[in-house]
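See below for the structure under consideration.
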Amino acid sequence: MTDLAPTLTAMLSSPGWNDVVVLAATAIREPRLTGSQVVLEVSAHPEQLDGRLLVVLLADDHADWRIDALISRASAAGAGALLLAGVEPLGRGAQLLAERLQLPVLGCPDPLAAHEYLRRVTAEPEVLRSDLVLRAVSALRRAGGDLNAVLRTTADVLDRPVTLAGADGGTLAGEPLEPDERTALATALPRVPVAWAAPYRIDLPSGAVLLAVAVLGVGPVCWLVARLPGAVPAEVAAVPDVLSVVAPAVGERMALRRLELERDARQRTSLLGELLHGEPSEATRRRAVDLGWQLDGWHTGIRIGAEGQVDVAGRRADVVEAFDAEGLRAVVVEQGDGWSAWITAVREPTATEVQQQAAAIRRVQRRLVQTVDAYVGVGRVQPGPSGIATTLAEAGDAAGLARGRAETGRFLHVDRLGLAQLLLAWTRTDTFQPAARALLAPIKDQPGDLVTTLAVYLDTESSVAETAAVLGIHRNTAAARIAKIQHLLGVDLTNPDERLALHLASRTTPTE
C-alpha cells in the first residue's frame, strides 16, 4: 500500500533500521520504499521492483566489479534503493555510478532483519502495533514504582525519547524537550483535553514528529509525548496506541506522587505557620529538626510569587533545584500563589556577603522565569527563630512592590535603599514602624539631633534657611547637618521617592 510506504530518510531514523548505514546517497531523489525483494547474490537479476528495496544477502566484497553491474540492474528494474550485506565502503566507481543513476546504496550486518522490518511496516502495520503494545504491557508489569521508571520503560520499548510535558510544553519528567518542540506543543495542544480526544500529531520542520496523548484525572493538564525523528506511517500509527496504554500507569504514579507532595506541603506550611506566630515551642523545634530546618542563626527571607495558574506543590522541586544551582541552601515552603524561602547563616553576613547573596537570588529568579512568571522580594538579615517571621514579612512586602516594577526585573532586595522604597508601601502594615526605625538608625544617636533636623528640613520643603530658623541654629550648621544625614543614610534628598519615604519615617518614629 502506497500510503504505508515510508521515505528512505524516515526508515533510516527508525529503530528497526538502527544498523543500516548509507554507502552511497543521492541528494536529488527521496525514494519511498513500497516493500522489499530479497536476492541471494550480487549476480542475481531482479524482477521489476517498482520502488521496492533490493536486498542482497551475500555481498562480501563491496569493491567487486559485480557490485557495479548490480547497481545498474537494480536501477533498470526500478529499485527504490539497494541494500548490501556488510558495511564495507563501496569502490569509487560504484559510488559514482550510484550517484549518476540516483540509486541509494545501503549496507547492514544483517540485511534479512532490515528486510523483515520494512516488510512489517509496509505490509503488516497491525502486527507491528500489536507487538509494541504487548511489549509495553509486559514491560510495565516489571517496571519500578516511580514515574521516571515508567517513562524509561516506555522509551526502551519504543526506542524513542518519551517526555511528560505540561500544558505549556515544559518538561515535567523524562527526556527534556527542545525549545522548538516545546513551542510546537504549546501551540498545538488544547489547554483542557477531553477523555475521548484522539492522540495529537505535530509535524516539525525538521521532519520529526511529536505524538502526544493526554494524561487525565491528575490535576493540572499534562501530556505523554514521544518524539519520532522520521515519519514512518506504521510507526506513527502504532506509537499513540502504546502511549494510550502507558498513560493510565503514568496517571496512577502521578496521583500517588500528588498525595505525597500535598502531604509534605501541608506539613511544611503548618510548621511555618507556627514559626510566624510567636516563639517556637519545644515541639515546634523538634519538628523543625525533623525537616532539617535550622532555626538559630541569621536568616534571609525570600518571597517568590508566581503569576497565573501554577502547581505550587508540584513545582517546588524546581525552586529548590534553582537555589541549589546557585550554591544556596534554602528552605522552601509552598504558600498561596508562590513560595516562601529563607537562607540561614551561622554568623551575621557582612555587607558584601549580603550583596553577593542578593545577586545569587536574582540569578535564581532568572532560572525560574524560564518556566514560571516569577517576581521576588528579599528581606533583610534577621537573627534567631523570630527573625524568620520578620525577614519573611519584609520579603513578602518587597515582593508585592516588585510585582508591579517590570523596570527592575520584578526583583526587590530590602537593603537600605530598598527599605526607603518600601516605606511607602508599608505605612499601613505592622512592619512599618520597625522599618522606619531601621532606616533612620544610622542618624539616631549622632550628635546634633539629626532625626529632628531631618524632619524639620523636610517639613520646610527642603529649605536650609527655614530649618535653621526653626531650630534656632546657624544656617551653615543646618547645611552641615543635612550633608551629614545624606552621607550617613546613603540617600539623595533630591530624589522625590527617597525624600517622601524619609519624611514619613521621620514623622512616625519617636525621637526620644
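The values are calculated or read from the model by the stated rules, or taken from the named source; none is laboratory data. None of the values given here were measured: they were computed from a predicted structure. Cβ placement follows ideal geometry from the backbone for every residue including glycine, while neighbour counts extend to all protein chains displayed. These accessible areas exclude ligands, DNA and RNA; they are computed on the full protein's heavy atoms, side chains included. Shrake-Rupley method; radii C 1.70, N 1.55, O 1.52, S 1.80 Å.
For the stretch 254-270, in order, what is each residue's ³J(HN,Hα) by Karplus, 6.51 cos²θ - 1.76 cosθ + 1.60 with θ = phi - 60°, in whole Hz (x at glycine and Pro)?
5, 5, 5, 5, 4, 4, 5, 4, 5, 5, 5, 5, 4, 5, 5, 5, 4
Shape of the stretch 259-312 from its Cα gyration tensor (a ≥ b ≥ c, root eigenvalues): rounded if a/c is under 1.5, otherwise prolate when a/b > b/c, or oblate? Intermediate results must be reported in sequence, preceding the final value.
Numbers: a/c = 2.28, a/b = 1.46, b/c = 1.57.
The shape class here is oblate.
Label points 7 Å out from Cα along the Cβ direction at residue 262 and residue 403: separation in nm?
It works out to 2.5 nm between the two label points.
Could you pull the accessible area for residue 443 with a 1.4 Å probe, rounded to 10 Å²?
Accessible area of residue 443: about 0 Å².
Among residues other than residue 238 whose Cβ falls under 14 Å from its Cβ, what is the net charge (Lys/Arg +1, Asp/Glu -1)?
Working: positive: 120, 129, 135, 160, 201; negative: 124, 126, 131, 159, 235, 241.
Summing Lys and Arg as +1 and Asp and Glu as -1 gives -1.
Compute the longest continuous run of the chain that contains no exposed trypsin sites (Lys or Arg not before Pro); treat a site as exposed when its DSSP state is not H, G, I, E or B and it has at most 14 other Cβ atoms within 10 Å. All intermediate terms of the calculation are to be shown ahead of the outcome.
On the way: sites that count: 29, 191, 329, 347, 405, 428.
The reported range is 30-190.
Leaving out ligands, DNA and RNA, what percent of the accessible area of the chain is carbon and sulfur, probe 1.4 Å? Provide the component values of the computation, followed by the final result.
On the way: 12520 of 24200 Å².
C and S fraction of accessible area: 52 percent.
Say the dipole of the chain comes from +1 at the beta carbon of Lys and Arg and -1 at that of Asp and Glu; which of 209, 436, 451 then lies farthest toward its positive end?
The residue sitting most towards the positive pole is 451.
Residues of the chain: accessible area per residue at 1.4 Å, in Å²? Before the final figure, lay out the partial values.
Values: 24200 Å² over 512 residues.
Per-residue value: 47 Å².
Obtain the nm distance between the two label points defined at residue 363 and residue 18 by a simple spin-label model: each point lies 7 Å from its Cα along the Cα-to-C-beta direction.
Distance between label points: 3.9 nm.
May I ask for the net charge around residue 5, where only other residues with Cβ less than 10 Å from the Cβ of residue 5 are counted and Lys, Arg are +1 while Asp, Glu are -1?
Working: positive: 32, 52; negative: 3.
Its environment carries a net charge of +1.
Please get the size of the charge dipole for the chain, origin at its Cα centre, with Cβ charges of +1 on Lys and Arg and -1 on Asp and Glu, quoted in debye to the nearest 20.
Working: 50 positive and 62 negative charges, 199 e Å.
Charge dipole, the chain, about its Cα centre: 960 debye, nearest 20.
Report, in degrees rounded to the nearest 10, the 0 to 90 angle that the Cα long axis of helix 179-188 makes with the longest principal axis of the chain.
For 179-188 against the chain, the angle is about 90 degrees.
Separation between the residue 123 and residue 290 pseudo-spin-labels, each 7 Å from Cα along Cα→Cβ, expressed in nm?
Rounded to a tenth, the inter-label distance reads 6.7 nm.
Please report, in debye to the nearest 20, how large the charge dipole of the stretch 17-167 is about its Cα centre when each Lys and Arg carries +1 at its beta carbon and each Asp and Glu carries -1 there. Each step should come with its number before you reach the end.
Working: 15 positive and 19 negative charges, 98 e Å.
The calculated dipole for the stretch 17-167 is roughly 480 debye.
What is the distance in Å between the Cα centroid of the stretch 253-289 and that of the stretch 354-407?
Value for the Cα centre distance between the two parts: 21 Å.
What does the extension gain come out to for residue 321 and residue 87, with contour length at 0.36 nm per residue minus their alpha carbon separation? List each step's numbers first, then the result.
On the way: separation 234, 0.36 × 234 = 84.24 nm, distance 4.58 nm.
Value of the extension gain: 79.7 nm.
Looking at the chain, what % of its DSSP beta bridges pair antiparallel, to the nearest 5? Don't skip to the answer; put the middle values down first.
Working: 46 of 61 bridges.
So the antiparallel bridges in the chain amount to around 75 percent.
For the chain, what is the calculated [θ] at 222 nm in deg cm²/dmol (nearest 500), taking -39500 (n - 2.57) for each run of four or more DSSP H residues and dividing by its residue count?
Working: 18 runs with 254 residues, N = 512.
Calculated from helices alone, the mean residue ellipticity at 222 nm is -16000 deg cm²/dmol.
Which angle from 0 to 90°, rounded to the nearest 10, does the C-alpha axis of helix 450-459 make with the longest principal axis of the chain?
So the helix axis and the longest Cα principal axis differ by about 80 degrees.
For residue 156 and residue 58, what does the FRET efficiency come to when R0 = 35 Å and r is the distance between their Cβ atoms, rounded to the nearest 0.05? The partial results should precede the final answer.
Numbers: r = 33 Å, r/R0 = 0.95.
According to the calculation, E is roughly 0.55.
Test of the criteria: in the stretch 302-403, which GluC sites (Glu not before Pro) are in a DSSP loop and have at most 14 other Cβ atoms within 10 angstrom of their Cβ? Can you show the working numbers first?
Numbers: sites: 307, 321, 326, 334, 353, 394; in loops: 307, 326.
Sparse-neighbourhood loop GluC sites (Glu not before Pro): 307.
Pairing the Cα long axis of helix 351-368 with the longest principal axis of the chain, what angle in degrees results, from 0 to 90 and rounded to the nearest 10?
Taking Cα atoms only, the helix is inclined about 40 degrees.
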